[in-house]
């Protein structure tokens, strides 16, 4: 008796997960009170559904039968921890201070070794955001929670 196991293509499972999340967010977008504010999330959800459907069709045609490669998982987890720390820093110290700390640390972690590039991006990004968001559009960036407590 030949009992041949059929492997499930993991990409199909991932495709279904993306579709389910997109549908969930699409349904949630109908609770947004301002109709003009709901347009962008709905467009993104429909786009995710269309791309997921296209990828699913490619999987069924046999174009994506790759096995997963987990070689970069540890590094991705470390970057996720760093990004979570950035969110915490935003909460404690505000956007500008946390960004000036996070950018050089993350750039070095990701392999950037040119200190001129690191310095330019670390100073230029918050400055650009300040000029565009704070001054030009009069939008408030996250403020430090520590300053409100003191």
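No lab work stands behind these numbers, since they all come straight from the coordinates. Quick caveat: nothing in here was measured; it's all calculated off a predicted structure. All Cβ positions, glycine included, derive from the backbone under ideal geometry; neighbour counts span all protein chains shown.
Quick check on the chain: helices-only [θ] at 222 nm, where DSSP H runs of length 4 and up contribute -39,500 (n - 2.57) each and the sum goes over total residues. Nearest 500, please.
It comes out at -22500 deg cm²/dmol, rounded to the nearest 500.
Going by a ≥ b ≥ c, the root eigenvalues of the Cα gyration tensor, does segment 82-149 fall in the rounded group (a/c under 1.5), the prolate group (a/b larger than b/c) or the oblate group?
Oblate, since a/c reaches 1.5 and b/c is not below a/b.
Expected output is a single nm value to one decimal: the length gained when fully extending between residue 108 and residue 40, i.e. 0.36 nm times separation in residues minus the C-alpha distance. What is it?
Taking residue 108 through residue 40 to full extension adds about 21.1 nm, to one decimal.
When the expected Rg is taken as 2.2 N^0.38 Å, what fraction or multiple of it is the alpha-carbon Rg of segment 10-60?
The value comes to 1.25.
Relative to the compact-globule scaling 2.2 N^0.38 Å, provide the ratio for the alpha-carbon radius of gyration of the chain.
So the Cα radius of gyration is 1.47 times the expected 2.2 N^0.38 Å.
Relative to the longest principal Cα axis of the chain, at what angle does helix 95-109 sit, 0 to 90 degrees, rounded to 10?
Helix 95-109 sits roughly 50 degrees off the main axis of the chain.
If you line up the long axis of helix 10-28 against the longest principal axis of the chain, both from Cα atoms, how many degrees apart are they, to the nearest 10?
50 degrees
Give the residues of segment 87-108 whose amide nitrogen is closer than 11 Å to a point set 7 Å from the Cα of residue 135 in the direction of its Cβ.
none
Full-extension gain between residue 33 and residue 63, please, as 0.36 nm times their residue separation minus the C-alpha to C-alpha distance.
Roughly 6.6 nm would be gained on extension.
Order 82-92, 132-142 from most to least packed using the mean count of other Cβ atoms within 10 Å.
Highest-to-lowest ranking by the protection proxy: 82-92, 132-142.
On a 0 to 90° scale, report how tilted helix 35-60 is relative to the longest principal axis of the chain, with both axes built from alpha carbons and the result rounded to the nearest 10.
Computed tilt is about 40 degrees.
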